[in-house]
Amino acid sequence: MRARSARDVLARRVLLAPADALGARLPEIGRSDMWGAAVVPWLTGDEAGPESGHYVGADGVGRWSLPDNLACDKPDYPSIAAYLDAVHRTLTKGPADAMGSDVPGLVWGCLIWDDPEAPLLDNALEHWHPVH
(Lines give C-alpha, C1' and ligand atoms only; values in the text may rest on other atoms or scores of the structure.)
Protein backbone atom coordinates (compact mmCIF):
# COMPACT_ATOMS: atom_id res chain seq x y z
CA MET A 1 0.00 0.00 0.00
CA ARG A 2 1.27 3.45 -0.92
CA ALA A 3 0.16 6.49 1.12
CA ARG A 4 -0.49 9.69 -0.82
CA SER A 5 -0.56 12.95 1.09
CA ALA A 6 -3.16 14.55 -1.20
CA ARG A 7 -5.51 11.60 -0.65
CA ASP A 8 -4.87 11.68 3.10
CA VAL A 9 -5.53 15.39 3.58
CA LEU A 10 -8.35 15.90 1.11
CA ALA A 11 -10.77 13.18 2.11
CA ARG A 12 -9.45 10.35 -0.03
CA ARG A 13 -9.07 12.42 -3.14
CA VAL A 14 -6.06 13.03 -5.35
CA LEU A 15 -5.31 16.49 -6.68
CA LEU A 16 -5.45 16.55 -10.44
CA ALA A 17 -2.37 17.85 -12.20
CA PRO A 18 -2.99 20.88 -14.45
CA ALA A 19 -2.98 18.80 -17.64
CA ASP A 20 -5.42 16.27 -16.14
CA ALA A 21 -7.71 18.96 -14.74
CA LEU A 22 -7.77 21.03 -17.92
CA GLY A 23 -7.75 18.14 -20.39
CA ALA A 24 -11.49 17.63 -20.09
CA ARG A 25 -12.06 21.31 -20.94
CA LEU A 26 -9.84 21.49 -23.99
CA PRO A 27 -11.59 21.12 -27.35
CA GLU A 28 -11.05 17.93 -29.31
CA ILE A 29 -12.08 17.21 -32.86
CA GLY A 30 -15.47 15.52 -32.94
CA ARG A 31 -16.15 16.03 -29.23
CA SER A 32 -19.30 17.90 -28.22
CA ASP A 33 -19.36 17.45 -24.40
CA MET A 34 -16.73 19.96 -23.30
CA TRP A 35 -16.80 21.20 -19.72
CA GLY A 36 -16.55 24.84 -20.69
CA ALA A 37 -15.14 27.38 -18.26
CA ALA A 38 -17.86 27.08 -15.58
CA VAL A 39 -16.14 24.36 -13.51
CA VAL A 40 -12.72 22.76 -13.21
CA PRO A 41 -12.16 19.15 -12.09
CA TRP A 42 -10.26 19.39 -8.81
CA LEU A 43 -10.09 16.10 -6.88
CA THR A 44 -10.48 12.47 -7.74
CA GLY A 45 -10.39 9.17 -5.88
CA ASP A 46 -9.57 7.40 -9.14
CA GLU A 47 -6.20 8.68 -10.27
CA ALA A 48 -5.88 5.92 -12.85
CA GLY A 49 -9.00 7.11 -14.76
CA PRO A 50 -10.07 9.54 -13.58
CA GLU A 51 -13.76 9.16 -14.30
CA SER A 52 -15.24 10.91 -11.27
CA GLY A 53 -14.35 13.29 -8.48
CA HIS A 54 -14.98 16.82 -7.25
CA TYR A 55 -15.03 20.01 -9.28
CA VAL A 56 -14.69 23.62 -8.18
CA GLY A 57 -16.62 26.46 -9.79
CA ALA A 58 -18.17 29.81 -9.03
CA ASP A 59 -21.02 28.10 -7.14
CA GLY A 60 -18.75 25.92 -5.00
CA VAL A 61 -17.41 22.36 -4.85
CA GLY A 62 -19.52 19.58 -6.34
CA ARG A 63 -19.15 16.11 -7.80
CA TRP A 64 -18.47 15.15 -11.41
CA SER A 65 -18.65 11.86 -13.23
CA LEU A 66 -17.95 11.07 -16.86
CA PRO A 67 -20.45 8.19 -17.08
CA ASP A 68 -23.13 10.50 -15.64
CA ASN A 69 -22.44 13.22 -18.19
CA LEU A 70 -20.09 15.37 -16.13
CA ALA A 71 -21.20 17.70 -13.33
CA CYS A 72 -24.08 17.21 -10.90
CA ASP A 73 -26.81 19.82 -10.56
CA LYS A 74 -25.93 21.41 -7.20
CA PRO A 75 -22.57 21.79 -5.45
CA ASP A 76 -22.08 19.93 -2.16
CA TYR A 77 -20.07 22.78 -0.59
CA PRO A 78 -20.29 26.54 -1.25
CA SER A 79 -16.49 26.94 -1.52
CA ILE A 80 -13.13 25.18 -1.25
CA ALA A 81 -12.84 26.65 2.25
CA ALA A 82 -16.16 25.04 3.24
CA TYR A 83 -14.97 21.69 1.84
CA LEU A 84 -11.70 21.88 3.80
CA ASP A 85 -13.63 22.92 6.92
CA ALA A 86 -15.84 19.82 6.53
CA VAL A 87 -12.71 17.65 6.27
CA HIS A 88 -11.32 19.30 9.43
CA ARG A 89 -14.58 18.86 11.38
CA THR A 90 -14.87 15.23 10.27
CA LEU A 91 -11.34 14.51 11.45
CA THR A 92 -11.50 16.38 14.76
CA LYS A 93 -15.12 16.22 15.93
CA GLY A 94 -16.97 13.68 13.81
CA PRO A 95 -19.22 12.02 13.14
CA ALA A 96 -16.96 9.82 11.05
CA ASP A 97 -19.45 9.65 8.17
CA ALA A 98 -20.15 13.40 8.04
CA MET A 99 -18.80 13.56 4.48
CA GLY A 100 -20.25 10.29 3.19
CA SER A 101 -19.55 6.59 3.40
CA ASP A 102 -15.75 6.97 3.35
CA VAL A 103 -14.55 7.60 6.89
CA PRO A 104 -11.11 8.61 8.18
CA GLY A 105 -8.97 5.92 9.72
CA LEU A 106 -5.37 5.14 10.54
CA VAL A 107 -3.26 2.35 9.17
CA TRP A 108 0.46 2.11 9.87
CA GLY A 109 0.48 5.75 11.00
CA CYS A 110 -1.17 7.04 7.80
CA LEU A 111 -4.56 8.69 7.51
CA ILE A 112 -6.61 6.71 4.97
CA TRP A 113 -10.30 7.27 4.11
CA ASP A 114 -12.24 4.09 3.38
CA ASP A 115 -15.78 2.74 3.51
CA PRO A 116 -16.08 0.26 6.41
CA GLU A 117 -19.07 -1.43 4.70
CA ALA A 118 -17.28 -1.84 1.34
CA PRO A 119 -13.54 -1.35 1.96
CA LEU A 120 -11.10 -0.86 -0.88
CA LEU A 121 -8.01 -1.53 1.22
CA ASP A 122 -6.42 -4.86 0.49
CA ASN A 123 -3.69 -6.28 2.72
CA ALA A 124 -3.84 -3.23 5.03
CA LEU A 125 -7.51 -3.62 5.96
CA GLU A 126 -6.88 -5.65 9.11
CA HIS A 127 -4.63 -2.82 10.37
CA TRP A 128 -7.06 0.02 9.53
CA HIS A 129 -8.91 1.56 12.47
CA PRO A 130 -11.46 4.39 12.19
CA VAL A 131 -10.51 7.71 13.82
CA HIS A 132 -13.92 7.92 15.54
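When GLU51, GLU126 are compared by accessible area of protein heavy atoms, the largest-first order is GLU126, GLU51, using a 1.4 Å probe. Descending by average beta-carbon neighbour count within 10 Å, the peptides 116-125, 87-96, 54-63, 100-109 line up as 54-63, 100-109, 87-96, 116-125, the highest first. What region 88-132 shows is 61 Å² of accessible area per residue, with the surface traced by a 1.4 Å probe over protein heavy atoms. Heavy-atom accessible surface of SER52, to the nearest 10 Å², is about 50 Å², with a 1.4 Å probe and all protein chains retained.
The values are calculated or read from the model by the stated rules, or taken from the named source; none is laboratory data. Since the structure is predicted, the reported quantities are computational estimates derived from the model, not experimental observations. FYI the Cβ positions are ideal-geometry reconstructions off the backbone, even for glycines, and counts take in every protein chain you see. These area figures cover heavy atoms from the full protein model, side chains too; ligands, DNA and RNA do not enter into them. Shrake-Rupley method; radii C 1.70, N 1.55, O 1.52, S 1.80 Å.
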